[in-house]
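Report on the structure given below.
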Amino acid sequence: SGNAIAVWCQDDGNGTYSIYANTYTAGVGWGTPQHIENNTEDAFDSHIVFDMNGNAIASWYQYDSTASIGGITYASIYANTYTAGSGWGGAQLLENNSGSASSPQIVFDASGNAIAVWEQWDNDSTRSIYANTYTTTAGWGTATPIEANTGDAWSFGVVINNTSGNAIAVWCQLDNNGISSIYANIYATGVGWETPTLIEDNVGSAVAPYIVSDANGNALVVWYQYDNTNSSIYSNTYTATVGWGTATLIENDNASSLQAASDPNGRVIILWEHFGDNYNSDIYAKELK
């Protein structure tokens, strides 16, 4: 319909950073900025997603002086829901303050249900990946860890199927041998999160997973992985109702800054930076069938 919402972080003038939003109505223009969180502490890293009906959810992390470990204040994940025709609701805490949290991401399905994923320190000792589910009938549920390894987990991504509401999350995690690996977990509507799965073969430390999906619930994950000489690009494919395939070498190319994009038919294009001789770098792209 051409409507839009912008969210941002802004100094209130007293040294405290807050989250604001403004709504654009097609044919009318921008409205009045609104303060969409109700805490008195600093808030940062705002994001917003829309569903197919013009509803939206904004998320951010915010410090809480009442929640700390060892005298160190930590951050929590909050969200606020915008309902088309009604406006913003109230800011809601999405997690249980077990440790400092950051980097929230939210994905919407076509029915207005959503999944939020973020990084969180467990008692400020180990980073884990947590998630919470939003439904149009019940609102937000309870935060739950979606990985089971004891090593630090970070650098995650999440996609959702518009029709089914099923989702896939991927992340990077340290194994017991100190090597970082790529893991994934599947969310099934009405069931919940399944068991985390290792989706690469530990040929070397793997980092920076990037996931894309198509309209049928299939997905592809790409990452770069180190051997003794350089970093190579690998991929693995998830087929709906079948599961994960085998990690496949895409490029042996000293790669970094890897990104990917897909269309509804499953065509994927990956893009990366290649470091060559004499400290030169180039940008490469490749289409995956």
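The values are calculated or read from the model by the stated rules, or taken from the named source; none is laboratory data. Computed from a predicted structure; not experimentally measured. Counting neighbours? That spans all protein chains shown, and the Cβs are built from the backbone with ideal geometry, glycine included. Remember, those area values only see protein heavy atoms, side chains included, never the ligands or the DNA or RNA. Shrake-Rupley method; radii C 1.70, N 1.55, O 1.52, S 1.80 Å.
Observations on the model:
- T73 paired with F50, simple spin-label distance in nm, labels 7 Å along Cα-to-beta-carbon: 3.5
- Assigned charges on the beta-carbon of Lys, Arg, Asp, Glu; the chain dipole about Cα centre (debye): 700
- Summarised in one figure, the compactness ratio Rg/Rh of the chain, Cα atoms and Kirkwood Rh, is 0.98.
- Cα shape, the range 1-139, gyration tensor, a/c 1.5 rule: oblate
- Contour minus Cα-Cα distance for L93 and T135 (0.36 nm per residue): 13.6 nm
- Peptide packing for 204-212, 228-236, 280-288 was compared via the average number of neighbouring C-beta atoms within 10 Å per residue; ordered from the highest value, the list is 204-212, 228-236, 280-288.
- Averaging the Cα positions of each part gives two centres, and for the range 199-234 and the range 103-118 these lie 23 Å apart.
- Given R0 = 35 Å, the distance between the Cβ atoms of A26 and Q259 translates into a calculated FRET efficiency of 0.70.
- With all protein chains modelled, accessible area of Y78 [1.4 Å, Å²]: 30
- Selected from N161, W244, S213, residue furthest toward positive end of dipole (the range 127-254; charges at beta carbon): N161
- Radius of gyration, Dmax [the range 21-68; alpha carbons; angstrom]: 13.9, 47
- Residue among I36, G87, Y63 farthest towards the positive dipole end of the range 18-135, charges placed on Cβ: G87
- Cα gyration tensor shape for the range 177-232, rounded if a/c is under 1.5, else prolate or oblate: oblate
- Cα-based shape type of the range 92-203, given that a ≥ b ≥ c are square roots of the gyration tensor eigenvalues and the cut on a/c is 1.5: oblate
- With Rh defined as the Kirkwood radius, the inverse of the mean 1/r over Cα pairs, the Rg/Rh of the range 159-289 is 0.99.
- Peptides 163-175, 191-203 ordered by average Cβ neighbours within 10 Å, highest first: 163-175, 191-203
- A Förster radius of 22 Å combined with the Cβ-Cβ distance from S65 to W8 puts the calculated FRET efficiency at roughly 0.40.
- Taking D64, D277, D253 in turn, the Gaussian network model of the chain (Cα-Cα springs below 10 Å) assigns the largest fluctuation to D277.
- Gain on full stretching of the segment that runs from T189 to T150 - 0.36 nm per residue minus C-alpha separation: 11.4 nm
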